[in-house]
1. Picking from Tyr272, Tyr266, which residue would you name as being in contact with a Phe, Trp or Tyr (Cβ under 7 Å, 6 or more places away or on another chain) and assigned to a helix (DSSP H, G or I)?
2. Could you give me the residue pairs with C-beta distances under 8 Å whose first residue belongs to segment 210-230 and is touching a residue at least 12 places away in the same chain (Cβ under 8 Å) and closer than 26 Å to Ala190 by Cα, whose second residue is open to solvent by less than 50 Å² (accessible area, probe 1.4 Å) and among the polar types (S, T, N, Q) wherever it lies, and which are 6+ apart or on separate chains?
3. So, in segment 277-300, how many residues would count as being open to solvent by 30 Å² or more (accessible area, probe 1.4 Å) and of a type outside the set (S, T, N, Q)?
4. Check segment 128-151 and report whether any residue there is hydrophobic (A, V, I, L, M, F, W, C), touching an Asp or Glu at 6+ places or on another chain (Cβ under 9 Å), over 30 Å from Val201 (Cα atoms) and part of a helix (DSSP H, G or I).
5. Which ones in segment 301-322 are open to solvent by less than 90 Å² (accessible area, probe 1.4 Å), of a type outside the set (A, V, I, L, M, F, W, C) and touching a residue at least 24 places away in the same chain (Cβ under 8 Å)?
6. Pick from segment 124-173 the residues that are among the small types (Gly, Ala, Ser) and over 30 Å from Ala83 (Cβ atoms): which of them is least open to solvent (accessible area, probe 1.4 Å)?
7. Could we say that Gly267 is surrounded by fewer than 17 Cβ atoms within 10 Å (Cβ to Cβ), closer than 24 Å to Pro141 by Cβ and at pLDDT 95 or above here?
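The values are calculated or read from the model by the stated rules, or taken from the named source; none is laboratory data. As the structure is a computational prediction, the values presented were derived from the model and not from experiment. Reconstructed Cβ throughout: ideal geometry from the backbone, glycine too, with neighbour counts over all protein chains shown. Note: areas computed on protein heavy atoms with side chains; ligands, DNA, RNA excluded. Shrake-Rupley method; radii C 1.70, N 1.55, O 1.52, S 1.80 Å.
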Amino acid sequence: MSHQPVSIGIIGIGHVGPHAANSLILQGIADELLLCDVNESKLAAEVQDLNDSVVFAPHRVVVRNCHADYEQLAGCDVIINAAGNVKLAAVSRDGELFATVDSARTFVGRLAAAGFEGFWVNVANPCDVVSAEVHRLSGLPTNHIIGTGTCLDSARLRTVISLTTKLAPESIQAYMIGEHGNTQIAAWSAISFAGVPMKNVISKPGFSDLKPDEVQAKARDGGYVAYRGKECTEYAIANAAVRITRVILHDEHAVMPGSVWLDGQYGQRGLYISVPCIIGANGVEDIVELDLNDEEQAGFAASCDAVRANTARLAPFSIEESRQNPVVLPKHE
């Protein structure tokens with residue numbers, strides 16, 4: 001019986017990248033990990049530590065140091081982009097805008113030129129803008145690029161509701177939608193518990209203690225609680241990226257939120273932004289359209305406008321320029 005090894009690339013080995021690698025190893029998802037980072041000493045240290053850890057994993061995993069030779073990742077099934085500078089996001093996820101876009105511009109086109117045809121899972125912030133740039137430079141169909149987006153924010157939303165209602169998060173269907181940033185909103189009218197709409201249980205003990213504005217704020221700002229204490233977020237966002245990767249590789253057809261390309265859904269088109277979607281072996285296989293109320297529709301539209309405004313701040317950069325080696329980056333205004 002033949003086995004086709006699962007090869008996963010990770011670009012950016014700061015905080016999130018190594019945790020994603022470790023999770024992929026411990027969950028037995030990857031057979032081979034190819035790691036890239038411009039910081040040679042940090043990358044070498046992480047590759048050493050991960051290779052030392054493999055003996056405790058479910059099966060053997062080969063961890064390779066590819067430094068900035070991105071073309072080595074061309075044969076990967078999935079590439080996780082975790083290249084960023086979290087210190088620039090201390091106030092807003094938009095703070096990393098130019099740094100993360102410039103970083104992506106140094107490798108996405110080179111990988112396209114080398115023949116990469118797999119899937120991109122983008123973690124880098126602002127997630128929606130970077131995901132769109134990865135799509136543009138990669139030349140791949142939109143369903144091959146998925147941003148983690150509000151996948152983690154939605155998990156935080158379920159956690160906040162769970163702590164108040166005492167229900168397990170797995171029994172709660174709830175989504176943060178919009179940009180992975182300050183304008184995201186909770187799709188409150190679409191929250192349900194084992195299929196029972198929020199409006200049918202809100203008067204019951206525990207549920208009546210839920211305050212929509214407070215719950216939304218905690219879900220939106222939870223990352224900054226972690227940042228204030230340790231100047232990064234790492235475990236949860238790494239596992240969000242790994243979960244999306246696993247769903248693709250195992251063809252799970254799972255419904256989960258992510259930053260995906262809209263082409264008329266929710267009355268929006270031409271941008272990446274987070275909504276629930278169905279993910280499987282073909283990447284994004286369908287978009288789930290929630291029945292939003294008027295206030296939520298307006299909030300979501302405003303969030304889309306915020307993403308477009310950030311995208312408009314980027315300096316022009318052609319696909320042809322992205323496929324040169326070395327890449328010469330333009331200057332942003």
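1. Every option except Tyr266 fails the conditions.
2. Close Cβ pairs satisfying both conditions: Leu210/Thr164; Leu210/Thr165; Val215/Thr164; Ala219/Ser154; Arg220/Gln184; Gly223/Thr233.
3. 11
4. yes
5. Scanning segment 301-322 gives Ser303, Arg308, Asn310, Thr311, Glu321, Ser322.
6. Residues of segment 124-173 that are among the small types (Gly, Ala, Ser), as a first pass: 124, 131-132, 138-139, 147, 149, 154-155, 162, 168, 171.
Next, from what is left, pick out any that are over 30 Å from Ala83 (Cβ atoms): 162, 168, 171.
Details: Ser162: 18, Ala168: 46, Ser171: 47 Å².
Here the residue is Ser162.
7. Values: surrounded by fewer than 17 Cβ atoms within 10 Å (Cβ to Cβ): yes; closer than 24 Å to Pro141 by Cβ: yes; at pLDDT 95 or above: yes.
It is true that Gly267 is surrounded by fewer than 17 Cβ atoms within 10 Å (Cβ to Cβ), closer than 24 Å to Pro141 by Cβ and at pLDDT 95 or above.
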